[in-house]
2 protein chains.
Amino acid sequence: MARTKASEIERYSSSDKIEKILQGSKQEFLAHGYAGASMDRVALAAGVSKATIYSHFQDKEGLFKGLIEQLARKRFELIFGAQPLEGEPNIVLPQLLAKALTQMLEDKEFQAFQRVLIGESARFPELAQILFRYIAKPGSEIISQYLASHSELNIPDPDAMVWVLMGSIVHLVIAQEIMHGKDILPMESDRLINSLTYLINQCGK
Amino acid sequence: MARTKASEIERYSSSDKIEKILQGSKQEFLAHGYAGASMDRVALAAGVSKATIYSHFQDKEGLFKGLIEQLARKRFELIFGAQPLEGEPNIVLPQLLAKALTQMLEDKEFQAFQRVLIGESARFPELAQILFRYIAKPGSEIISQYLASHSELNIPDPDAMVWVLMGSIVHLVIAQEIMHGKDILPMESDRLINSLTYLINQCGK
DNA sequence: GTCTATAGAGGGATAGAC
DNA sequence: GTCTATCCCTCTATAGAC
């Protein structure tokens, strides 16, 4: 099957054409979504012919899945690049939240990735689930265990608290940047981080 | 202009064809997004000919905008149907959060609406902003003023706290239902509501 | 392996009859 | 106002030359 072959070739990087195609398809799919993307424009952006694309990927759907999987893998590696969670909660947690939020607010490619993943989650549920399997779940487990291991924080339900923290900052990115809500209902990230930090501190009192 | 005419006719409901077209377009656009929607299928679902659609709406884009505006107006009325926020915070706030979350978790049409709004927020930023202008902003102001007026709650930044509350429950809906994350990283709504309630209570101590 | 050229289907939009 | 029939374009995907 073409998709399988493409994945293997790409993993061992025996062809640069595959990488050019994925780069071109990234531009196209992240800008226009799945249905709005054109294979002609992918070929143009990648600098190859359409037939070359179809020799490496089964069809438009296979290319889209290949791209999303590659992008998810890259994000996964970014998470792993983070240092393990250690130290004083009063310092570590605000820093972690602020860093995660700032990075998401600045990273336009991540925002486009998130937009497409949500927008196509009816057509491709399994692709949306990749985000949870490889990024949200590992990340939330690390934070949850950190919260649970620091009993002085006195957090009754660490797993649920992670959803509060994660939800607050992810939703801010979706609302302010992805949906362009900052012009209508603005909120500074510092104020959100400060409030979350304050809430955590209040638990230990 | 056809779109203006359509809006006026629809507002004074002088034609039932318009309503049928909007109904048909709702099925189509909410299921497939803007680019994935077909005007042929809209006509089929609405039970009218394609030419009739184009006699009431300028083009595909005008129909899409008309639909989104109508849906936003309906949601706006749902918000206004809610009783004003009064009473004991320990009772009112958990009830409000639980009711809002439950309604969003059960309302598949709202989830599809939200999915399309996010998915098309690059192509139609002004449509995504409707959600904040007519739903999120009025709602958040009511809650923020309620939090601020109850000084015994001792909340340092009510506006930011609203983002925590709103973000936590909206993100849960996006993650669990819209993106189908509940199979990978489940979270019961009760636990989230309980944690949010607990956090608010801790502020007053 | 990669290209050009094209097939074949379906898209949005409209002309003209009624 | 609404329909049928159709235009023209872009789309995905492939055949065949090199």
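The values are calculated or read from the model by the stated rules, or taken from the named source; none is laboratory data. Here the structure is a predicted model, which means the values were calculated and not measured. Because the Cβ atoms are built from the backbone with ideal geometry, glycine has one as well, and the counts that use them run over all protein chains shown.
For segment A:31-75, enumerate the residues that are assigned to a helix (DSSP H, G or I), of a type in the set (S, T, N, Q) and more than 13 Å from DNA strand C (Cβ to nearest atom).
Listed by number, the list holds a single entry, A:Q70.
Please verify whether B:Q83 is within 15 Å of the chain's Cα centre (by Cα) and either among the aromatic types (F, W, Y) or within 22 Å of B:V162 (Cβ to Cβ) (or both), treating the condition exactly as stated.
Criteria not met by B:Q83.
Looking at A:L147 and the list (1) within 9 Å of chain B (Cβ to nearest Cβ); (2) among the aliphatic types (A, V, I, L, M); (3) within 25 Å of B:L153 (Cβ to Cβ), which single condition is not satisfied?
(1)
Grab the helices (runs of 4 or more DSSP H) fully contained in segment B:102-205, keeping just those with 3 or more residues being touching a Cys at 6+ places or on another chain (Cβ under 6 Å).
Fully inside segment B:102-205 and qualifying: nothing.
Anything in segment A:108-123 that is farther than 15 Å from A:M166 by Cβ and either buried (at least 19 other Cβ atoms within 10 Å of the Cβ) or within 7 Å of chain B (Cβ to nearest Cβ) (or both)? List them, or say none.
If the condition is that a residue be farther than 15 Å from A:M166 by Cβ and either buried (at least 19 other Cβ atoms within 10 Å of the Cβ) or within 7 Å of chain B (Cβ to nearest Cβ) (or both), then A:Q111, A:A112, A:F113, A:R115, A:V116, A:L117, A:I118, A:G119, A:E120, A:S121, A:A122 are the ones that fit.
Inspect segment B:53-65 for any residue being within 25 Å of B:T197 (Cα to Cα) and not β-branched (V, I, T) and give the result as yes or no.
The answer is no; no qualifying residue exists.
Restricting attention to segment B:179-204, and to residues there that are without any contact (Cβ under 8 Å) to a residue 12 or more places away in the chain and among the hydroxyl-bearing types (S, T, Y), which single residue is nearest to the other protein chains (Cβ to nearest Cβ)?
B:S195
If I ask for residues that are out of contact with any Ser or Thr (no Cβ under 8 Å at 6 or more places or on another chain) and surrounded by fewer than 19 Cβ atoms within 10 Å (Cβ to Cβ), which ones from segment A:145-163 would you list?
Selection gives A:Q145, A:A148, A:S149, A:H150, A:S151, A:E152, A:L153, A:N154.
When you go through (1) within 14 Å of DNA strand D (Cβ to nearest atom); (2) modelled with pLDDT of 95 or more; (3) outside the structural domain of A:K137 (by TED's automatic domain parsing) one by one for A:E120, which number turns out not to apply?
Against the list (1) within 14 Å of DNA strand D (Cβ to nearest atom); (2) modelled with pLDDT of 95 or more; (3) outside the structural domain of A:K137 (by TED's automatic domain parsing), A:E120 comes up short only on (3).
Looking at (1) within 16 Å of DNA strand D (Cβ to nearest atom); (2) within 14 Å of chain B (Cβ to nearest Cβ); (3) of a type in the set (S, T, Y), find the lone condition where A:Y54 falls short.
The one condition A:Y54 does not meet is (2).
Restricting the search to segment B:76-91, which residues are within 17 Å of B:A136 (Cα to Cα) and in a helix (DSSP H, G or I)?
B:F76, B:E77, B:L78, B:I79, B:F80, B:G81
Based on what the data block shows, is A:E120 acidic (D, E) and touching a Phe, Trp or Tyr at 6+ places or on another chain (Cβ under 8 Å)?
Yes: the conditions hold for A:E120.
Restricting attention to segment B:1-30, and to residues there that are modelled with pLDDT under 95 and either part of a loop (DSSP other than H, G, I, E, B) or within 14 Å of chain A (Cβ to nearest Cβ) (or both), which single residue is nearest to DNA strand C (Cβ to nearest atom)?
B:M1
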